[in-house]
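Heads up, the thing below is written out as structure tokens.
The values are calculated or read from the model by the stated rules, or taken from the named source; none is laboratory data. Just so you know, these numbers come straight off a predicted model, no measurement behind them. We place every Cβ from the backbone using ideal geometry, glycine too, and count neighbours over all the protein chains shown. When the accessible area is computed, the model is the full protein with side chains, heavy atoms only, and any ligands, DNA or RNA have been set aside. Shrake-Rupley method; radii C 1.70, N 1.55, O 1.52, S 1.80 Å.
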Amino acid sequence: MRIDHQLLRRQTANLLQAAGSREVEAKTVADHLVEANLAGHDSHGVGMLPHYARNLKAGTLVPNRAPAVVSDTGSFAVWDGGNGYGQVIARDAMVWAIGAAQKHGVAVHGLRNTHHIGRVGSYGEQAAKAGLLSVHFVNGNSGPPKVTPFRGREGRISTNPVCIAVPGTQHTPPVILDMATSRIAIGKVRVAYNEGKQVAENTLIAADGKPTTDPGVLYQQPHGAVLPFGEHKGYGLALIAELLAGAIAGGGTIQPKNPRDRGIVNGMLTVVIDPARLADRSFVDREIDAMIDYMKATKPADPSLPVLVPGEPERIARAKRAAEGIEIDATTWREIGEAARSFGFDFTGN
Ligand code: NAD
């Protein structure tokens, strides 16, 4: 199924309104999801709608929530999302952080108890658009943990993404490194499982400790786990994200004494910095331009695969999918249709 992104935005916003969101919230969440599809990250796009529908019905996702301010001391703030749509709460918290960083040079905020915040890179892009740099650490502290620590064979953490965004210049687009700390996104394992396919080697471990390419190890007993990327280094980064986003930001980690039956819950610790407070902006821009050009001029090992910089694959996907439409697999399309019907909305109608 290939669908134009504008139509997909409209239909997604209509579905979210049918599911209880006011128009502005429905549009914000729909734009975020479709932008994730456009950027090539289908695991964080409209395929999440059936999960959202389940969580709405279970009461673990609450529409029309504004972030509650826990504290605000100028350049530090903590927000509680009250299980509202993370895409709205995190975006609003970033509006505050951008204003505070412009005023004070730096802003730090903690986000607690938000439902899924989606593609973290979108918040980095928000900062970069304002000429600021940002660093984001995210944890997921509800649901069964599916990523094992290095040397482990049991799930203990989530896919804990980390995003670092450097603003662009007149010549260079922003550099957005936005990545899960697991070898593979859970959404990609789910899609492979639904389609009866295997996943890539060195991504999963079975309950007996042996490597496997069978996505069923996440969905059938006895459970296996997803491996962290980069062995001990990726595991270390995942654990740091858990501690910063879960302990330091105050929403709680995924340690077993905390409740895990709250649908999808993200915590995030964000730091936004005005680079002009550190070095002359024209120097910074010249160095960014020169360094990125230097990277991209590297001779590729395989001539058909040029050297890219973080954020570039998403820009390439965005241009292609905006022009050609977004491909949605049959299982996902059917599941979205079912979720929509459960709110009395025909997703496939126009
Ligand atoms: P990925 O592996 O596709 O990309 C990771 C990063 O590497 C990106 O910044 C990308 O631009 C860069 N990259 C990719 N290929 C490159 C190349 N050839 N050269 C240079 N840079 C390159 O992403 P992922 O780890 O699968 O994460 C997917 C998305 O899932 C992210 O947007 C992340 O925020 C999101 N996510 C969200 C949650 C949540 O709980 N909200 C959890 C996990 C992941």
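Here are the numbers for the structure shown:
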item: Estimated distance in nm for a label pair at Thr331 and Asp4, the labels positioned 7 Å out from Cα along Cα-to-Cβ; result: 3.0
item: For the chain, calculated [θ]222 nm from helices alone, where every DSSP H run of n ≥ 4 adds -39500 (n - 2.57); result: -12000 deg cm²/dmol
item: Å² per residue, accessible surface of the chain at 1.4 Å; result: 47
item: Of Lys146/Lys210; Lys146/Lys257; Lys103/Lys129; Lys146/Lys320; Lys188/Lys257; Lys146/Lys197, pairs whose Cα-Cα distance is over 21 Å; result: Lys146/Lys320; Lys188/Lys257
item: Protein-only accessible surface order, largest first, of Met1, Met179, Met268 at 1.4 Å; result: Met1, Met179, Met268
item: Beta bridge orientation in the stretch 40-137: antiparallel %, DSSP, nearest 5; result: 45
item: Heavy-atom accessible surface of the stretch 218-284: percent carbon and sulfur, 1.4 Å; result: 64
item: Accessible area in the full protein assembly, largest first, 1.4 Å probe, for Ser75, Ser304, Ser282; result: Ser304, Ser282, Ser75
item: Cα-projected label distance for Ser342 with Ser75, points at 7 Å along beta-carbon direction, nm; result: 4.6
item: Separation of alpha-carbon centers, the stretch 285-346 and the stretch 186-214, rounded to whole Å; result: 23
item: Area accessible to solvent at Glu125, 1.4 Å probe radius, in Å²; result: 50
item: Share of carbon and sulfur in the accessible heavy-atom surface of the stretch 289-350 [1.4 Å probe, %]; result: 61
item: Contour minus Cα-Cα distance for Asp289 and Leu305 (0.36 nm per residue); result: 3.6 nm
item: Heavy atoms of Asp261: accessible area, 1.4 Å probe, square angstrom to 10; result: 120
item: Met48, Met295, reordered so the largest accessible area comes first (probe 1.4 Å); result: Met295, Met48
item: Net charge of Cβ neighbours under 13 Å - reference Thr159; Lys, Arg +1; Asp, Glu -1; result: +4
item: Percent of C-alpha pairs per 10 Å bin, the chain, short to long; result: 6, 23, 33, 27, 10, 1
item: Portion, in percent, of the accessible area of the stretch 64-181 that falls on carbon or sulfur, probe 1.4 Å; result: 56
item: Counted charge near Gly234, where neighbours are those whose Cβ lies closer than 14 Å (Asp, Glu -1; Lys, Arg +1); result: +2
item: Euclidean distance between Cα centres, the stretch 111-177 to the stretch 34-88, Å; result: 14
item: For His171, solvent-accessible area (1.4 Å; no DNA, RNA or ligand), Å²; result: 110
item: Counting DSSP beta bridges with both ends in the chain, the antiparallel % (nearest 5); result: 85
item: Karplus-derived 3J(HN,Hα), 6.51/-1.76/1.60, for each residue of the stretch 49-60, Hz, glycine and proline x; result: 4, x, 5, 4, 4, 4, 5, 4, 5, 7, x, 8
